[in-house]
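S.K.: Quick one: the structure is below, questions incoming.
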Amino acid sequence: MRMWRLFGASMMALVFWSASCKDASKSSVSAEPTKNPTELTVAFYNVENIFDVFDDPEKNDNDFTPTGKLQWSEDRYKLKLDHIAEAISLIDSELPDVMGLCEIENKKVVEDLISTSVLKEAGYGIVHYESPDERGIDVAFIYKQDEVQIISSKNIKVKLPTPSDKTRDILYVEAKAHGQNIHFFVNHWPSRSGGQSESEPNRLAAAAALKSAMDGVRKSDPDARIISMGDFNDHPDNKSITEVVGANGSEGATYIDLMAPLHSKGIGSYWYKGAWGALDQFILSKSTVGAVSGWMYEEGSVGFLDNDRLMFTDSKGVKRPNRTYVGDDYKAGYSDHLAAKMKLVWK
């Protein structure tokens with residue numbers, strides 16, 4: 001059964017949902033799309049460590065090699081790609097129109113992913129930049145080339161309080177569909193390793209970088225359609241979101257966190273110590289939510305994918321994401337996160 005956990009403005013609802021590409025750089029423009037969609041499915045997925053099997057001497061990827069401690073073989077790599085492609089196919093019957101990804105090693109693994117039999121007919125293009133992350137993982141953006149045009153893109157550096165520490169860049173993509181520009185930011189903020197409070201300054205730095213970039217877009221166009229998506233490694237009620245980004249639910253807030261109502265009800269994308277948390281979020285400019293024409297958020301369309309095929313049920317009957325590894329133990333699962341989805345509609 002395919003199920004999305006969704007919410008509307010005032011009540012909870014359950015809704016059932018029965019290529020080889022070139023990087024886009026800041027100066028590049030992709031071809032004009034051949035279709036004018038009237039709705040766009042936007043998704044984000046932390047795919048939990050898609051590494052190729054080759055040792056990159058500039059990355060800390062030794063564990064993800066055939067001779068590494070995780071025994072990461074070609075067969076395991078191909079199964080991982082097939083599993084992630086399957087999960088993406090469950091997001092929307094026609095596949096997402098645009099999608100952010102995180103925990104991918106490089107552009108090649110994204111090319112391999114969109115070349116799987118499940119995804120290749122979508123004709124996805126890729127936007128990707130190498131990040132300085134110490135683990136060697138990046139973020140990426142894929143899009144249906146017949147529906148979406150890339151106007152520009154760039155990577156936004158996140159300077160952490162400790163200069164020697166490195167993290168993922170924020171990916172900015174300016175796209176166009178149906179003649180209107182949409183501004184996407186793909187995030188994977190620093191982890192909570194070492195403790196939430198101890199690691200919080202790193203996420204505050206990422207939040208400041210994102211806020212500055214989004215404000216810069218709004219300065220040029222106060223009515224800009226902005227969608228920031230990602231694994232923020234913080235919840236919607238944490239300081240990085242409510243105070244730094246300013247998505248705090250107040251009447252005067254410029255940005256709106258669509259996952260805040262879900263998180264407050266214990267609905268999330270990540271299971272940790274017996275509880276769900278909404279680490280994966282969509283943060284939209286108010287103009288995207290309250291628009292009266294052009295692209296606008298479809299109320300009630302946001303949620304996390306909850307599908308039994310992607311879940312593990314323990315001896316107590318509790319479900320949680322079915323992971324690829326638990327520690328060093330190979331489980332042949334999908335990801336430790338659930339995918340997030342929302343829709344834009346054209347008016």
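Taken together, the values in this text are just the output of simple stated rules run on the coordinates, not laboratory data. Because the structure is predicted, anything quoted here is derived from the model rather than measured. So basically every Cβ, Gly included, is an ideal-geometry build from the backbone, and we count neighbours across all protein chains shown.
S.K.: Name the trypsin sites (Lys or Arg not before Pro) in the stretch 191-276 that are in a loop by DSSP and that have at most 10 other C-beta atoms within 10 Å, would you?
M.R.: On the way: sites: Arg192, Arg203, Lys211, Arg218, Lys219, Arg225, Lys239, Lys265, Lys273; in loops: Arg192, Lys265, Lys273.
Sparse-neighbourhood loop trypsin sites (Lys or Arg not before Pro): Lys273.
S.K.: Continuing with the same structure: What ranking, highest mean first, results for peptides 330-339, 308-317 when packing means the other Cβ atoms within 10 Å averaged over each residue?
M.R.: Numbers: 330-339: 21.1, 308-317: 11.2.
With the highest mean Cβ count within 10 Å placed first, the list reads 330-339, 308-317.
S.K.: What does the C-alpha gyration tensor say about the overall shape of the stretch 184-275? Classify as rounded when a/c is under 1.5, otherwise prolate if a/b is larger than b/c, or oblate. Could you put the intermediate results ahead of the total?
M.R.: Working: a/c = 2.05, a/b = 1.48, b/c = 1.39.
The shape class here is prolate.
S.K.: Let me ask something additional. Filter Lys154/Lys176; Lys239/Lys273; Lys120/Lys347; Lys107/Lys319 down to the pairs with a C-alpha to C-alpha distance above 24 Å, please. Before the final figure, lay out each step's value.
M.R.: Details: Lys154/Lys176 16 Å; Lys239/Lys273 21 Å; Lys120/Lys347 30 Å; Lys107/Lys319 32 Å.
In this structure, Lys120/Lys347; Lys107/Lys319 lie more than 24 Å apart at Cα.
S.K.: Once the convex hull of the C-alpha atoms of the stretch 276-347 is built, how many Å³ does it hold per residue, rounded to a whole number?
M.R.: On the way: hull volume 8.6 nm³, N = 72.
Convex hull of Cα atoms, per residue: 120 Å³.
S.K.: If R0 is 41 Å, what FRET efficiency do you get for Val29 and Ser164 from their C-beta distance, rounded to 0.05?
M.R.: Values: r = 37 Å, r/R0 = 0.91.
According to the calculation, E is roughly 0.65.
S.K.: Can you give the net charge of the other residues whose Cβ lies under 10 Å from the Cβ of Val98, counting K and R as +1 and D and E as -1? Provide the component values of the computation, followed by the final result.
M.R.: Numbers: positive: Lys144; negative: Asp97, Glu147.
Summing Lys and Arg as +1 and Asp and Glu as -1 gives -1.
S.K.: Sticking with this structure for a sec: Expressed as a whole number of Å, what is the distance separating the alpha-carbon centroids of the stretch 100-125 and the stretch 204-249?
M.R.: 27 Å
S.K.: Where does each of 77-86, 177-186, 63-72 land if you order them by average Cβ count within 10 Å, highest first?
M.R.: On the way: 77-86: 18.6, 177-186: 20.9, 63-72: 16.4.
So the order, starting with the most tightly packed, is 177-186, 77-86, 63-72.
S.K.: By a straight-distance test (C-alpha under 19 Å), which aspartates and glutamates pair with Lys286 as possible cross-link partners, with residues fewer than eight away in the same chain excluded?
M.R.: Partners within reach: Glu39, Glu174, Asp215, Asp221, Asp223, Asp237, Glu243, Glu251, Asp257, Glu298, Glu299.
S.K.: Please grab the % of Cα pairs in the chain that end up more than 38 Å from each other.
M.R.: On the way: 5295 of 60031 pairs.
Summing the P(r) of the chain above 38 Å gives 9 percent of all pairs.
S.K.: Let me know the shape class of the stretch 58-180, please: from the alpha-carbon gyration tensor, a ≥ b ≥ c as square roots of the eigenvalues, rounded when a/c is under 1.5, otherwise prolate if a/b is greater than b/c, or oblate.
M.R.: Numbers: a/c = 2.76, a/b = 1.15, b/c = 2.39.
Judged from the Cα gyration tensor, the stretch 58-180 comes out oblate (a/c at least 1.5, b/c at or above a/b).
S.K.: Between Lys176 and Phe54, what is the label-to-label distance in nm when each label sits 7 Å out along the Cα-to-Cβ direction?
M.R.: According to this spin-label approximation, the distance is 3.6 nm.
S.K.: Gain in length, Asp328 to Asp146, computed as 0.36 nm per residue apart minus the alpha-carbon separation, to one decimal in nm?
M.R.: On the way: separation 182, 0.36 × 182 = 65.52 nm, distance 4.12 nm.
In short, 61.4 nm is gained.
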